[in-house]
1. Restricting attention to the range 40-58, report how many residues are open to solvent by less than 10 Å² (accessible area, probe 1.4 Å) and of a type in the set (A, V, I, L, M, F, W, C).
2. Mind checking which strands (runs of 3 or more DSSP E) fall wholly inside the range 209-316 and carry at least 1 residues that are of a type in the set (Asp, Glu)?
3. Of the residues Gly117, Gly123, which single one is more than 22 Å from Arg211 (Cβ to Cβ) and either in contact (Cβ under 8 Å) with a residue 12 or more places away in the chain or surrounded by fewer than 22 Cβ atoms within 10 Å (Cβ to Cβ) (or both)?
4. Only residues that are closer than 19 Å to Glu60 by Cβ and exposed (fewer than 14 other Cβ atoms within 10 Å of the Cβ): list them for the range 143-157, please.
5. Please verify whether Thr205 is crowded, with 24+ Cβ neighbours inside 10 Å, among the polar types (S, T, N, Q) and modelled with pLDDT of 95 or more, treating the condition exactly as stated.
6. Scan the range 62-69 and tell me whether some residue there is part of a helix (DSSP H, G or I), surrounded by fewer than 19 Cβ atoms within 10 Å (Cβ to Cβ) and not basic (Lys, Arg).
7. Would you check which residues across the range 1-27 are within 17 Å of Met303 (Cα to Cα), crowded, with 16+ Cβ neighbours inside 10 Å and either of a type in the set (A, V, I, L, M, F, W, C) or out of contact with any His (no Cβ under 8 Å at 6 or more places or on another chain) (or both) and list them?
8. Test Asp285 against the stated conditions and say whether it is over 17 Å from Ser215 (Cα atoms) and either surrounded by fewer than 20 Cβ atoms within 10 Å (Cβ to Cβ) or within 15 Å of the ligand (Cβ to nearest atom) (or both).
Amino acid sequence: MPFTLVIHGGAGKITPGMLNKEEEQKYTEGLAAALDKGYKILQNGGTALDAVVDTISVLEDNPMFNAGRGAVFTKKGLNEMDASLMDGSNFMAGAIAGVRNIKNPIQLAREVMLHSGHVLLSGSGAAEFAINQGMTMTPDEYFFNQQRYDQWVEIRDTNFTQLDHKGDNLKGHSADPGYKFGTVGAVACDEQGNLAAGTSTGGMTNKRFGRIGDSPVIGAGTYANNNTCAISCTGHGEFFLRAVVAYDVSCLMEYKGLSLKDACALVIKDKLVKMGGEGGLIAVDAKGNYDFCFNSAGMYRGMRNSEGEEVVAFYG
Ligand code: ASP
């Protein structure tokens, strides 16, 4: 059976000319390194779930992306991360929200899925569970990133939040710091035809009150079902939550018989646009068909499959 790995590193106002050559190269290398890691797992007969977790871990370790090491700062100057994971072969899922000092949030999401008896753990309770599972707490300094810090300093005295993409300023805030990082995600179809999806993020710069977006919410930011598709989303989380984006794509395939591409297009380019929500998703089905779909100017993205196809792209 064919196998496919698809990744994203965030969607937003990513336009030609916005990145300099060096930045373009860093993103290209970052995405390619993540694809390498997961593709090898699939090539060696590994599971879609393992490929997704290890691929996302590589992206979380790369400060270019708003997840793990590169997570943005909250109103209080902290790094609070959200992540989720779903196994399409058995509908098992695990997620964490508002968690600090965890090097690889996606790995904690897998622990939640496999060993907690729950689906979604948050804050200090999730950290306590991580310690019980033998995970070590990573010091705050590991998550310090000057660009992220400067990006936060610019708006910390306001009540504005900011998606981590150039120009994606919410509530009319006019600062345009020009940082172009994003949430990360991966979806995979392995040679057994099993699907998995995962998403990991630092959320929004200057977020307050324990704000949580779509990324750790199963059905909104992440969903996998072997009979339909595996989806990981990125964009303005409040809209993705209200539109239940990932599950909606799956439902359109399951109940209306839409193809993967048609289902993604209907949700992202029609329904979400009408609601005013900006962003995109990556998708794969059990035959190895894949899609990148976004209504924003660009999305950091990549794909490698057993047919020998490879994609790394940023712009629309
Ligand atoms: N969807 C994420 C959130 O709202 C942000 C992103 O994808 O960039 O937390």
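The values are calculated or read from the model by the stated rules, or taken from the named source; none is laboratory data. None of the values given here were measured: they were computed from a predicted structure. Methodologically, a virtual Cβ is constructed for each residue, glycine included, from the backbone with ideal geometry; neighbour enumeration extends over all protein chains shown. To get the accessible areas, we keep the full protein, side chains included, count just its heavy atoms, and leave off ligands, DNA and RNA. Shrake-Rupley method; radii C 1.70, N 1.55, O 1.52, S 1.80 Å.
1. So the count comes out to 6.
2. 290-294, 310-315
3. Of the residues listed, the single one that is more than 22 Å from Arg211 (Cβ to Cβ) and either in contact (Cβ under 8 Å) with a residue 12 or more places away in the chain or surrounded by fewer than 22 Cβ atoms within 10 Å (Cβ to Cβ) (or both) is Gly117.
4. Result: Phe144, Gln146.
5. When the stated conditions are applied, Thr205 does not pass them.
6. No.
7. Phe3, Thr4, Leu5, Val6, Ile7, His8, Gly9, Ala11, Tyr27
8. no
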